[in-house]
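Everything on this sheet refers to the single structure shown next.
Every number here is computed from the coordinates shown, using simple stated rules; none is lab data. Predicted, not measured: the structure shown is a model, and the values here were computed from it. A quick note on method: Cβ atoms are made from the backbone with ideal geometry, for glycine too, and the neighbour counts reach across all protein chains shown.
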Amino acid sequence: PAVAMIGLGYIGLPTAAVVARSGCRVVGIDVSSRVVETINRGRIHIEEADLDALVRDVVARGLLQASLSVVPADVFVIAVPTPTGEGHAPDIDHVLAAARSIAPVLRKGNLVILESTSPIGTTEKVRDVLALERPDLAFPRPGSDGADVSLAYCPERVLPGHILAELVGNDRVIGGMTPACSAQAREFYKRFVEGDCVVTDCRSAEMTKLVENAFRDVNIAFANELSLLADALDMDVWEVIRLANRHPRVNILQPGPGVGGHCIAVDPWFLVHSAPEQTPLIRTARNVNDGKVGHVVERATAMIEESKGPIACFGLAFKADIDDFRESPALAVAERLADRFGERMLICEPFISELPETLAGRGARLATATQALEQASVALLLVDHSEFRGISAAQLAGKRIYDTRGVWPRLPLDG
Ligand code: SAJ
């Protein structure tokens, strides 16, 4: 089949490339002319392992091309951002705009798939938008047969850094508007997915995606709460979690400076927003994780006030070995510390060549890990990038240390 991928971001581009590799002709549509031009040159605009070689190959073979405008196709896949707005309310404007953009080229027999993480009920809203724009076509409704166009919600669930492997290997939830829609969508995913393609209805699929990320957020919040408790009692949270996880039915995730990225820090709000009264735990987990930044700033400030000389901050990204700074707690901590101590701060971040203005403007300087370790009297680990994991006890000796990720060797001087 001919496939149109709407949105060529962190999910859309790798998915388009993998679908193209399976032998489909794919046209990727994006609103950014820079993105379209980059891909048509066989290049990529995001950082993701092995994606550059794959895109170069499928573009060279004529299987993938990018375009600013929507073209007719057999399958339309929508993978556009769904941010939160005022009061953490979900914003599905990009999804509805994508639906409007494909409406004019829709034909009988087409399949429309929504992959964007979305509040429960969004696929039905997409259907209503399409039905309004195309009164000449019959769209599916649960419990009735005979639609001209099929519609399904099939959430992406790939981990940044491992996207290409997980796109193929992970199980996939296929939520059709009707069983016939599910069957058609399943056939599409079977072309490139080696994991199981499990069929359900679209609302269950929408909720499943949100639940997966909320589960992880709640588990990390538990770990972060334990880290506050351990700090209050002057204990080592990493040691306690490591030991507790030796129990066959306990699996606690790792504390850190907070939860970042555009998924786990955002999606649980979609659930809270759809039933605020019923979701105190999910909301509290969000607040615990967001609150961790303040705790780290407070503890680091106390340590910095007791010392003189440069302060080294290791990492700004939202997690290890990633060039993504969206909702990054590490960046938030560094910015808040820079308000008071900017002139003393040396920032190590292997994924940037220039500091953001929020830090540079407050006097902070970019440094290599070696430079920072030579000069600093306080070392603050915010992101466990591979490069920082290798820092030795000898390199840290004589400094005040705050390791928010629990990866550095423990020293007697540990804060
Ligand atoms: N984090 C911790 N402690 C941990 C694990 C993570 O503090 O033990 C922090 C990270 O440092 C980071 C944040 O959580 O700031 C999120 O990182 P992550 O690696 O947990 O997840 P993401 O946001 O990169 O990707 C998640 C994944 N969801 C799940 O694992 C349930 C991925 O499979 C989803 O596809 C993705 O969200 C998405 O797009 O929704």
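Of the cross-linked pairs Lys125/Lys319; Lys125/Lys292; Lys209/Lys292, which ones have a Cα-Cα span greater than 30 Å in the structure shown?
From Lys125/Lys319; Lys125/Lys292; Lys209/Lys292, over 30 Å: Lys125/Lys319; Lys125/Lys292.
Towards the positive end of the charge dipole of the chain, with charges on Cβ (+1 Lys, Arg; -1 Asp, Glu), say which of Met235, His273, Phe76 has the farthest Cα.
Ranked along the dipole, the leading option is Phe76.
Please check: in the Gaussian network model of the chain (C-alpha springs, under 10 Å), which one of Glu343, Glu305, Glu387 has the largest mean-square fluctuation.
Its mean-square fluctuation being the largest, the pick is Glu305.
For the chain, what does the relative contact order come out to in percent, with C-alpha contacts under 8 Å and a separation of six or more?
Over the chain, the number comes to 10 percent.
Within 10 Å of each residue's Cβ, count the other Cβ atoms and sort His273, His88 from fewest upward.
Going from sparsest to densest Cβ surroundings: His88, His273.
Can you list the trypsin sites (Lys or Arg not before Pro) in the range 338-415 that are in a DSSP coil and have 15 or fewer other beta carbons within 10 angstrom?
Arg410
Do any trypsin sites (Lys or Arg not before Pro) in the range 207-255 lie in a DSSP loop with no more than 10 other beta carbon atoms within 10 Å, and if so, which? Write down the numbers at each step before the final one.
On the way: sites: Lys209, Arg216, Arg242, Arg246, Arg249; in loops: Arg246, Arg249.
Of the trypsin sites (Lys or Arg not before Pro), the ones in loops of the range 207-255 whose Cβ has at most 10 other Cβ atoms within 10 Å are Arg246, Arg249.
Once you have the Cα-Cα distance between Ala2 and Lys308, take 0.36 nm times their residue separation minus that, and quote the gain in nm to one decimal.
Roughly 103.8 nm would be gained on extension.
Mind checking the dipole of the range 212-403: about its Cα centre, +1 per Lys or Arg Cβ, -1 per Asp or Glu Cβ, Debye to the nearest 20?
Values: 19 positive and 27 negative charges, 60 e Å.
In debye, rounded to 20, the range 212-403 gives about 280.
Distance between Cα centroids, the range 138-166 to the range 262-324: provide it in whole Å.
32
Please give the Cα centre distance for the range 1-69 versus the range 357-415, rounded to the nearest Å.
Taking the Cα centre of the range 357-415 as reference, the centre of the range 1-69 is 38 Å away.
Find out how many positive minus negative residues lie around Val199, taking Lys and Arg as positive, Asp and Glu as negative, among other residues whose Cβ is under 14 Å from that of Val199. Show your work: numbers first, answer last.
Working: positive: Arg172, Arg186, Lys190, Arg203; negative: Asp171, Glu187, Asp196, Asp201.
It works out to a net charge of 0.
Among Cys313, Cys263, Cys197, Cys181, rank each residue by its count of other Cβ atoms within 10 Å, from fewest to most, as a rough exposure measure.
Lowest to highest Cβ neighbour count: Cys197, Cys263, Cys181, Cys313.
Pick from Leu381, Leu159, Leu210: which residue has the top mean-square fluctuation in a GNM of the chain where Cα pairs under 10 Å get a spring?
Looking only at Leu381, Leu159, Leu210, the largest GNM fluctuation is found for Leu159.
How would you rank Ser22, Ser386, going from fewest to most other Cβ atoms within 10 Å of each one's own Cβ?
Sorted ascending by nearby Cβ count, the order is Ser386, Ser22.
Would you calculate, for the chain, the mean residue ellipticity at 222 nm contributed by helices, counting each DSSP H stretch of 4 or more residues as -39,500 (n - 2.57) and dividing by all residues, to the nearest 500?
Working: 16 runs with 174 residues, N = 415.
After summing the helix terms and dividing by the residues of the chain, the value is -12500 deg cm²/dmol.
What is the antiparallel percent of DSSP beta bridges lying wholly in the range 2-203, to the nearest 5?
Here the share of antiparallel DSSP bridges comes out near 15 percent.
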